[in-house]
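The values are calculated or read from the model by the stated rules, or taken from the named source; none is laboratory data. Computed from a prediction, not measured in an experiment: that's the story for all the values here. Cβ coordinates were reconstructed from backbone atoms using ideal geometry, including for glycine residues, and neighbour counts include every protein chain displayed.
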Amino acid sequence: MLRIAGLTDLPGRLSQRCGPRLALVLATLLLLPTLTACQPRRPPGVLIVATKSRLDSLDPAAASRVGIMQVLSALGDPLYAIAPDGRIEPRLATALPQLSPDGRRARIRLRQDVLFHDGTRFDAEAMAFSLRRFMAIGTLGFQLSDRVRAVRVTGSHELELELKQPFSPLPRLLSAIFLTPVSPTAYRAYRDKPLADRFVGTGPYQVSFFSPQQQRLSPWPRYWGTRPRNGGLSLVTLSNSTALFGALRSGEVDLLLSSGLEIDHQRALHRDAQAGRLREAIGPALEIGFLSLLSDQPPLNSALLRQAIAHSLDRRTLSERASLGIRVPLRQLVPPSLPGSAADLWPAYNPQRARQLFRQAGYCQGKRFSLPLTFRSDIPTDRLLALTWQAQLRRDLGDCISLEPTGMESTTAYDQLGKGALVMFFYDWSADYPDAENFLVPLLSCEQSRGNRCLKGNSALSGSFWSAPGLDAQLQQSSQLTGAPRLALLRAIQRRAAAATPYLPVWLTAPVAWARPQLSPPRFDGSGRVLLGELQRRDARREARP
């Protein structure tokens, strides 16, 4: 099942004492209770973190977007975590899963010194309750239920997962923050329905206030692990990029996350950081932007035409002009930081080779190929990409191909994508947990196919409708192997996809955070989330709680 990451709006409000220029910039904001003046009054040590991601729920069962994942990482603990250097570290688990000889049973030992925010004890029964609840009602419940047949308690602090088949990326899946446990006592009445406005977990912070526009987090005094270095967090959402940009520059917020921030604002903040006016941190690049080509219907059922289009794509120009160089050109489906990624497999920009292929297909000699491109009209960068590519093709191959871009609102486009209504569509994908499997399976797997056509499955949902004999079996096998054999098979799968070009990777996006210079340098974990508990004012370290 393909998950499309989206952007949502969240209003805010600032005091009139900020001056006319800032007041004009922030005139669109409706509510931001914590920011009541140009120098906000707040308890010592409390930090204000701003983003554009609206939170309608704090329930892990409802989690599917970047914003809630970031907040949950401060409120809850996963069984395992991905360290900044990519290592898998036990968190609520004490060691990596112990697998049975056939690989179908995974036994996990749990910590014994953990309490939930309501004071009840974390144990195997609580973890089992949370996993079963997530499988039953979770938005991303398929991530677990597709792989786990049963969850069993085998000891007071020992859990066993019965797998439907061996699954080697299991620790990485169990690092997903949406699998963080919740208190069975607090959620007893919500076993089969979400609890939106509060969260009772095991993490370093607890919720002291919640609204879709603002969340206040206080350090949990009985936390089992390292205590936060700050006196609390106020997470606020502003409704547009201009408001976010202005609030950070004016000092109204301490930390700003890049999600939802327009490219020109990101570049300006990057320059501020280079000049020493801000602190900048870049997380692991785990989001790809790509083109999906409808490969089972004319005209793009022609592999020759798909190859010609692939060679006509000038990624560097698109990156420089549409993303101001912030997004890195990409010629692979799996981000380079993940094991199993295969660098530069997709055809490189080569207009001479593209012209040869277009001629073989019957174009360039008084006949131009008209190629429709649908882009998301509510995302400014997508429009820039479409217009830039249109101009580049007109310059390089104007007698062979004409790009015909059309904007469509995101929700409508996603609805049409799996119906085979879009000949070529540009969008992005970020995995639910950092593993190559979670990039390849959502784009390439197919439940029912005929030849090279996917009739039912993820490949159809993602808009390409492409498959190949034996490909799905290779994908399943890759999730059962470990070590060098798995990496080799993952690369072989990517070579097959690159040769057929049902998708064209365009660029790679990394999360960025900017902090005021008074803050300690922010850091990201290996899953692309800011380590909020490490944030601390450099000039007020005595304010931080021990």
Please work out which residue is surrounded by the most Cβ atoms within 10 Å (Cβ to Cβ), limiting yourself to the range 289-325 and to residues that are touching a residue at least 60 places away in the same chain (Cβ under 8 Å) and among the charged types (D, E, K, R). R306
Positions within the range 478-525 being closer than 24 Å to V66 by Cα, more than 23 Å from the chain's Cα centre (by Cα) and crowded, with 18+ Cβ neighbours inside 10 Å, in sequence order: R516, L519
Residues that are over 26 Å from the mean Cα position of the chain (by Cα), at least 2 per element: which helices (runs of 4 or more DSSP H) completely within the range 105-202 meet that? 124-137
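With the requirement that a residue be in contact with a helix residue (DSSP H, G or I) (Cβ under 8 Å, 6 or more places away or on another chain) and among the hydrophobic types (A, V, I, L, M, F, W, C), what does the range 292-309 give you? Break it down stepwise before answering.
Step one: of the range 292-309, the residues in contact with a helix residue (DSSP H, G or I) (Cβ under 8 Å, 6 or more places away or on another chain) are 292-293, 295, 299-300, 303-309.
Within the range 292-309, L293, L300, A303, L304, L305, A308, I309 qualify.
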Go through S64, S57 for me and flag whichever is modelled with pLDDT of 95 or more and among the hydroxyl-bearing types (S, T, Y). S57
Output yes when any residue across the range 466-475 is closer than 30 Å to S73 by Cβ and surrounded by fewer than 20 Cβ atoms within 10 Å (Cβ to Cβ), and no when none is. yes
I'm checking my understanding of the structure. Among residues of the range 144-163 that are surrounded by fewer than 17 Cβ atoms within 10 Å (Cβ to Cβ) and free of Cβ contacts under 8 Å to residues at least 24 places away in the same chain, which one is farthest from F129 (Cα to Cα)? D146
Which numbered condition S239 misses (of (1) polar (S, T, N, Q); (2) surrounded by fewer than 19 Cβ atoms within 10 Å (Cβ to Cβ); (3) under 26 Å from the mean Cα position of the chain (by Cα)): (2)
Within the range 326-350, restricting attention to residues that are buried (at least 19 other Cβ atoms within 10 Å of the Cβ) and touching a Pro at 6+ places or on another chain (Cβ under 8 Å), which residue is farthest from D85 (Cα to Cα)? W346
For the range 271-299, how many residues are in a strand (DSSP E or B) and closer than 30 Å to R453 by Cβ? 7
Looking only at the range 111-140, how many residues end up being surrounded by fewer than 16 Cβ atoms within 10 Å (Cβ to Cβ) and farther than 14 Å from W224 by Cβ? 3
Residue in the range 145-152 that is of a type in the set (S, T, N, Q), at pLDDT 95 or above and over 17 Å from P169 (Cβ atoms) present: no
Kindly provide the set of residues from the range 328-385 that are under 23 Å from L444 (Cβ atoms) and of a type in the set (K, R), ordered by number. R331, R376
Any residue in the range 96-107 that is touching a Ser or Thr at 6+ places or on another chain (Cβ under 6 Å) and closer than 16 Å to P78 by Cα? no
Is it the case, given these coordinates, that L255 is in the same structural domain as L519 (by TED's automatic domain parsing) and not basic (K, R)? yes
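Yes/no matrix, rows are residues, columns are (1) in contact with a Pro (Cβ under 7 Å, 6 or more places away or on another chain); (2) of a type in the set (K, R); (3) more than 30 Å from S478 (Cβ to Cβ):
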site: S64; (1), (2), (3): no, no, no
site: I68; (1), (2), (3): no, no, no
site: D77; (1), (2), (3): no, no, no
site: D118; (1), (2), (3): no, no, yes
site: R121; (1), (2), (3): no, yes, yes
